[in-house]
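Colleague: One structure follows; several queries about it will come next.
No lab work stands behind these numbers, since they all come straight from the coordinates. Predicted model, so just to flag it, every value in this text is computed and none were measured. Virtual Cβ from ideal backbone geometry, glycine too; neighbours counted across all protein chains shown.
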Amino acid sequence: MFHNEAKLAALLNHPNVVQIHEVDHYQGSYFIAMEYIEGSSVAAMSRLAHYRKTAIPFPVAGEIVAQVCDGLHAAHELKGEDGAPVGLVHRDVSPQNLMVSSSGQVKVLDFGIAKARGSEVRTEAGQIKGKYPYMSPEQCQGDHLTRCTDIFSLGIIFYEMVVAKRLFKRRTDLMTLKAITEE
């Protein structure tokens, strides 16, 4: 997965996607050097809003979502070195993977479990990748994933920012998956 992320990230260059500067190894361990983003994750912003018993203001949440859409669109439209569509799906769009810089620029992070057409990385049968409360129904059920999966996840995040309430999070993971697929 590490090499898969590095390979995909090298192809993806967009202002709303974290930039990869270097992929290398040191003393037998591989690393990815990414751009530093001074700011806060959407998860931290949501926690602060919850602590203050308020929601993230609608215009702020809307701007965050608009910028994430721009970054995801670039990922979804990504073409490989041969010019063919890569078919990239992030699969882990969650508040933890969205950063807002101190200047207001939003960046999508962590394409570590992203899925691309023709990728050597395969998810084992019965294994689900991503954060359960932000998954799409098809992701929960192990079905074929498209860009709609990422958009569904972003919709959950938008709802949670403006309503200041978790949409699908339940007491257990199984109950969360059931809420997504049945509610």
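Colleague: May I ask you to list the residues of region 139-167 whose amide nitrogen lies under 18 Å from a point 7 Å from Cα along the Cα→beta-carbon direction of MET175?
Modeller: 165-167, by backbone N distance to the label point.
Colleague: Rounded to whole Å, give me the distance from the Cα center of region 65-82 to that of region 141-161.
Modeller: If we compute the Cα centre of each part, the gap is 15 Å.
Colleague: Counting other C-beta atoms within 10 Å, and keeping those with at most 15, which DSSP coil GluC sites (Glu not before Pro) do you find in region 5-100?
Modeller: Here the sparse-neighbourhood loop sites are GLU35, GLU38, GLU77, GLU81.
Colleague: In nm, to one decimal, how far is the GLN27 label point from the LYS165 one, both placed 7 Å along Cα→Cβ?
Modeller: With each label placed 7 Å out from Cα toward Cβ, I get 5.1 nm.
Colleague: Next question, about the same structure. Cross-link list LYS131/LYS178; LYS131/LYS165; LYS107/LYS169; LYS53/LYS165: which exceed 19 angstrom alpha carbon to alpha carbon?
Modeller: LYS107/LYS169, as the Cα separations exceed 19 Å there.
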